[in-house]
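Quick notes on the structure that follows.
Every number here is computed from the coordinates shown, using simple stated rules; none is lab data. Please read all numbers here as calculations on a predicted model, not as lab measurements. Reconstructed Cβ throughout: ideal geometry from the backbone, glycine too, with neighbour counts over all protein chains shown.
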Amino acid sequence: MEGIKNIIFDLGGVLLNIDYNRTSEAFKKLGAGDFDSFYSQQGANQLFEELETGNITETDFYSEMQKHCDPNTTIAQIQAAWNAILLDFREESLRFLKTLNDHYSLFLLSNTNSIHLSEFDKIFIRQTGNSNFNDLFSKAYYSHLIHKRKPYPSTYLFILEDAGISAEETLFIDDSKNNIEGADEAGLKTHWLKPGERIELLPL
């Protein structure tokens, strides 16, 4: 792709298959009938923003979620419901990343949390036999570790500065329109990955 030296990838919906409905349904079975009102692909309420920016602990999150669930709902049940969103990695897409390394510097930017990170690391090891997903990138940025999340333009500007790369030479790929709009505001080139699209089919 002309003029592009760097590519920043989202994780969920781009490299990792996810299903928001699985977590929604799992929490509803635990009694959290209002779950959809405070968490979706389009946005999250303050609790989830705090979790995804590393400003509350896993214990805090579990305790708060217990208030929305049936009495006696266990932490293990909440953890399982929360992780139900995570499916499997797109192995063709992962293989494609390796071919891109000869042409671009690759980065990852994911809105995530410590609970999900632990779980998708296990999925990656189980699927690929490799122990470090982050080795696929020059650097991986996780929202709960950098205390910043998409779609705020300041998050993308932080990544650019930290990585020492320029917006006009950087392509950002994400499956969320909100996140794409934030990256556009920060001056990055963008591609909104639609349902059914795969990165290995893009003209990169």
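Along the charge dipole of region 72-202, which of Asn130, Ala76, His116 sits closest to the positive end, that is, farthest toward it, with unit charges on the beta carbon of Lys, Arg, Asp and Glu (+1, +1, -1, -1)?
It is Ala76.
What does the net charge come to around Thr190 if you take all other residues with beta carbon closer than 9 Å to its beta carbon, with K and R at +1 and D and E at -1?
Residues close to Thr190 contribute a combined charge of -2.
Between Lys67 and Ser37, what length comes free when the chain is fully extended (0.36 nm per residue of separation minus the Cα-Cα distance, one decimal in nm)?
That pair, Lys67 and Ser37, stretches by 9.3 nm at full extension.
Please state the shape class of region 20-83: rounded when a/c is under 1.5, otherwise prolate if a/b exceeds b/c and oblate if not, all from the C-alpha gyration tensor.
oblate
Please give the charge dipole size of the chain, origin at the Cα centre, charges +1 on K and R Cβ atoms and -1 on D and E Cβ atoms. Round to the nearest 20 debye.
Once rounded to the nearest 20, the dipole reads 340 debye.
Specify which residue in the list Thr155, Leu97, Ile180 is farthest towards the positive end of the charge dipole of the chain, using unit charges on the beta carbon of Lys, Arg (+1) and Asp, Glu (-1), about the Cα centre.
Of Thr155, Leu97, Ile180, it is Leu97.
For semi-axes √(5λ) of the Cα gyration tensor in Å, the choices are (1) 22, 21, 15; (2) 74, 14, 10; (3) 30, 18, 15; which was calculated from the structure?
(3)
Can you tell me how much longer the chain between Leu201 and Lys5 gets when fully stretched, taken as 0.36 nm per residue apart minus their C-alpha distance, in nm with one decimal?
68.7 nm
Treating only the Cβ of Lys, Arg, Asp and Glu as charged (+1, +1, -1, -1), what charge dipole size does region 20-83 show about its Cα centre? Round to the nearest 20 debye.
280
By how many nm would the segment from Glu92 to Ser114 grow when fully extended, if each residue of separation counts as 0.36 nm and the alpha-carbon distance is taken off?
Contour length minus Cα-Cα distance gives 5.3 nm.
Under 17 Å from a label point 7 Å along Cα→Cβ of Asp162: give me every residue in region 44-60 with its amide N that close.
Backbone N within reach: 50-56.
Using r as the Cβ-Cβ distance of Arg22 and Ser131, and R0 as 25 Å, what FRET efficiency do you calculate, to the nearest 0.05?
After rounding to 0.05, the efficiency reads 0.45.
List Ile123, Ile78 from most exposed to least, where exposure is judged by having the fewest other Cβ atoms within 10 Å.
Arranged by neighbour count, lowest to highest, Ile123, Ile78 become Ile123, Ile78.
Are there any trypsin sites (Lys or Arg not before Pro) in region 1-72 that are in a DSSP loop and have at most 11 other Cβ atoms within 10 Å? List them by number.
In loop regions of region 1-72 (DSSP not H, G, I, E or B), the sparsely surrounded trypsin sites (Lys or Arg not before Pro) are Lys67.
With Cβ to Cβ distances under 12 Å as the rule, what net charge do the other residues near Lys67 carry (K, R +1; D, E -1)?
It works out to a net charge of -4.
All other residues with a Cβ under 14 Å from the Cβ of Ala167 taken together, and with Lys, Arg as +1 and Asp, Glu as -1, what is their net charge?
Result for the neighbourhood of Ala167: -4.
Using helices alone, I'd like the mean residue ellipticity at 222 nm for the chain: each DSSP H run of four-plus residues gives -39500 (n - 2.57), total over residue count, nearest 500.
After summing the helix terms and dividing by the residues of the chain, the value is -12000 deg cm²/dmol.
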